[in-house]
Amino acid sequence: MIPYHDENQTQRTPYVTIALIAVTTLAWLVVQGAGSALTLAESVCELGLIPGELTLSLAPGTPYPMGEGLACLTDPGRQISNVLTSMFLHGSWMHLLGNMWFLWLFGNNIEDSMTRPRFVAFYLLTGLAAALAQVASGPSSEVPMVGASGAISGVMGAYLVLFPRVRVYTMVPLGFFMQSMALPAWMMLVYWALLQFAGGVTSVVSAQTGGVAFWAHLGGFLAGIVLVKTFERRDRVAAHVAEHWNPRH
């Protein structure tokens, strides 16, 4: 399913969402050379999150092949800053464009539900939770992890809590054709979360060390569900309470 529009109007210009998209895109163009093979490999190796490096379970210099004649060697030390930098890097144009589209589609409404500084903190915290979930699933892995998917999964988890009944227009494959359907957000997002769980279990059973970071997606999604009410604007909370409060006479 590919969502492309929702019926959820925002009350403010989503400056933080726009800034996150701009910074991430700039990182792809400048730091990662817009996908140039050598520059891309260097950026992923030097600034991506390597679980075994963070947990110190890999010896410095442990190699991971990154293409013909290229290998990423783990550095000494935990490289803690890579937990942050990895959130703004991507592995391909499709990886970048897919993530930025989902961030724009769901992030503007979640930013609208919070103050802007809170949304920044929420985005980074759910990204951190996603990274740690992936590290926990393979603490000795030498595979560098990059992508905003975990933080964006947190945004999607928050959307599920705050706007479960909003209709999201989605392209759904029906045989050889794609059909546009308006689905409630909860249906699409729960389906997506179940896919991430199934993918995570399958990757463990198959002993896969590469591919999609399913546990990061699920970890970020759950973090978004848990944290969103803490970060929601107080005026929204007060309005919700007033709307549903019926004093007894």
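The values are calculated or read from the model by the stated rules, or taken from the named source; none is laboratory data. Predicted model, so just to flag it, every value in this text is computed and none were measured. Glycine also receives a Cβ, built like all others from the backbone with ideal geometry; neighbour counts cover every protein chain displayed.
Can you confirm whether Thr170 is within 20 Å of the chain's Cα centre (by Cα) and either more than 20 Å from Asn99 (Cβ to Cβ) or not in a helix (DSSP H, G or I) (or both)? Even if it seems obvious, please write down each step before you answer.
Working: within 20 Å of the chain's Cα centre (by Cα): yes; either more than 20 Å from Asn99 (Cβ to Cβ) or not in a helix (DSSP H, G or I) (or both): yes.
Spelling it out, Thr170 is indeed within 20 Å of the chain's Cα centre (by Cα) and either more than 20 Å from Asn99 (Cβ to Cβ) or not in a helix (DSSP H, G or I) (or both).
For the structure I just gave you, tell me whether Tyr191 is of a type outside the set (Val, Ile, Thr), modelled with pLDDT under 90 and either within 20 Å of the chain's Cα centre (by Cα) or not in a loop (DSSP other than H, G, I, E, B) (or both).
Answer is yes for this residue.
Before we move on, is Val161 assigned to a loop (DSSP other than H, G, I, E, B), surrounded by fewer than 24 Cβ atoms within 10 Å (Cβ to Cβ) and either of a type in the set (A, V, I, L, M, F, W, C) or more than 19 Å from the chain's Cα centre (by Cα) (or both)? Full working, then the answer.
On the way: assigned to a loop (DSSP other than H, G, I, E, B): no; surrounded by fewer than 24 Cβ atoms within 10 Å (Cβ to Cβ): yes; either of a type in the set (A, V, I, L, M, F, W, C) or more than 19 Å from the chain's Cα centre (by Cα) (or both): yes.
Taking the combined requirement at face value, the residue does not satisfy it.
Return a yes/no flag: does segment 192-202 have any residue that is touching a residue at least 60 places away in the same chain (Cβ under 8 Å) and of a type in the set (Gly, Ala, Ser).
Initially, segment 192-202 is screened for residues touching a residue at least 60 places away in the same chain (Cβ under 8 Å), giving 192, 200.
Now narrow it down to the ones that are of a type in the set (Gly, Ala, Ser): 200.
Looking for residues that are touching a residue at least 60 places away in the same chain (Cβ under 8 Å) and of a type in the set (Gly, Ala, Ser), one finds at least one in segment 192-202, hence yes.
Looking only at residues in segment 48-90 that are of a type in the set (Val, Ile, Thr) and under 22 Å from Ala133 (Cα atoms), which one is surrounded by the fewest Cβ atoms within 10 Å (Cβ to Cβ)? Can you show your working first?
To start, the set of residues in segment 48-90 that are of a type in the set (Val, Ile, Thr) comprises 50, 55, 62, 74, 80, 83, 85.
Restricting the remaining residues to those that are under 22 Å from Ala133 (Cα atoms) gives 50, 55, 74, 80, 83, 85.
Values: Ile50: 25, Thr55: 15, Thr74: 21, Ile80: 10, Val83: 18, Thr85: 17.
In this case the residue turns out to be Ile80.
Quick one: Thr13 ticks every box in (1) part of a loop (DSSP other than H, G, I, E, B); (2) surrounded by 13 or more Cβ atoms within 10 Å (Cβ to Cβ) except a single one, so which number is it?
(2) is the only condition that Thr13 fails.
What residue, among those in segment 138-158 that are polar (S, T, N, Q) and more than 21 Å from Pro60 (Cα to Cα), is surrounded by the fewest Cβ atoms within 10 Å (Cβ to Cβ)? Can you show your working first?
Taking segment 138-158 first, the residues polar (S, T, N, Q) are 140-141, 149, 153.
Of the ones still in play, those that are also more than 21 Å from Pro60 (Cα to Cα) are 149, 153.
On the way: Ser149: 27, Ser153: 32.
Per the stated criteria, the residue is Ser149.
Looking only at segment 31-53, how many residues end up being within 21 Å of Leu103 (Cα to Cα) and more than 21 Å from the chain's Cα centre (by Cα)?
Looking only at that region, the number is 0.
Of the residues that make up segment 54-71, is at least one over 30 Å from Val168 (Cβ atoms) and part of a helix (DSSP H, G or I)?
If we filter segment 54-71 for residues that are over 30 Å from Val168 (Cβ atoms), which is where we start, we get 54-71.
Checking which are part of a helix (DSSP H, G or I) leaves us with 54.
Scanning segment 54-71, I find at least one residue that is over 30 Å from Val168 (Cβ atoms) and part of a helix (DSSP H, G or I), so the answer is yes.
List every residue pair whose Cβ atoms sit under 6 Å apart, with the two residues 6 or more apart in sequence or on different chains, where the first one lies in segment 130-148 and is in contact (Cβ under 8 Å) with a residue 24 or more places away in the chain and among the polar types (S, T, N, Q) and the second, anywhere, is buried (at least 22 other Cβ atoms within 10 Å of the Cβ) and assigned to a loop (DSSP other than H, G, I, E, B).
Going by the 6 Å Cβ cut-off, the qualifying pairs are Gln134/Ala213.
Give Ala27, Ala71, Ala41, Ala22 a once-over and let me know the one that is closer than 30 Å to Ala182 by Cα and among the aliphatic types (A, V, I, L, M). Lay out the reasoning, then the answer.
Values: Ala27 fails: closer than 30 Å to Ala182 by Cα; Ala71 fails: closer than 30 Å to Ala182 by Cα; Ala41 fails: closer than 30 Å to Ala182 by Cα.
After applying the criteria, what remains is Ala22.
When segment 160-178 is examined, which residues are found to be touching a Ser or Thr at 6+ places or on another chain (Cβ under 9 Å) and either farther than 16 Å from Asn8 by Cα or of a type in the set (Ser, Thr, Tyr) (or both)?
Taking segment 160-178 and keeping what is touching a Ser or Thr at 6+ places or on another chain (Cβ under 9 Å), we get 162-163, 169-172.
Listed by number, the residues that qualify are Tyr169, Thr170, Met171, Val172.
Any residue in segment 90-105 that is within 15 Å of Ser153 (Cα to Cα) sitting within a Cβ distance under 8 Å of a residue that is among the aromatic types (Phe, Trp, Tyr) and loosely packed, with under 15 Cβ neighbours inside 10 Å? List the pairs, counting only those 6 or more apart or interchain.
Leu105/Tyr4
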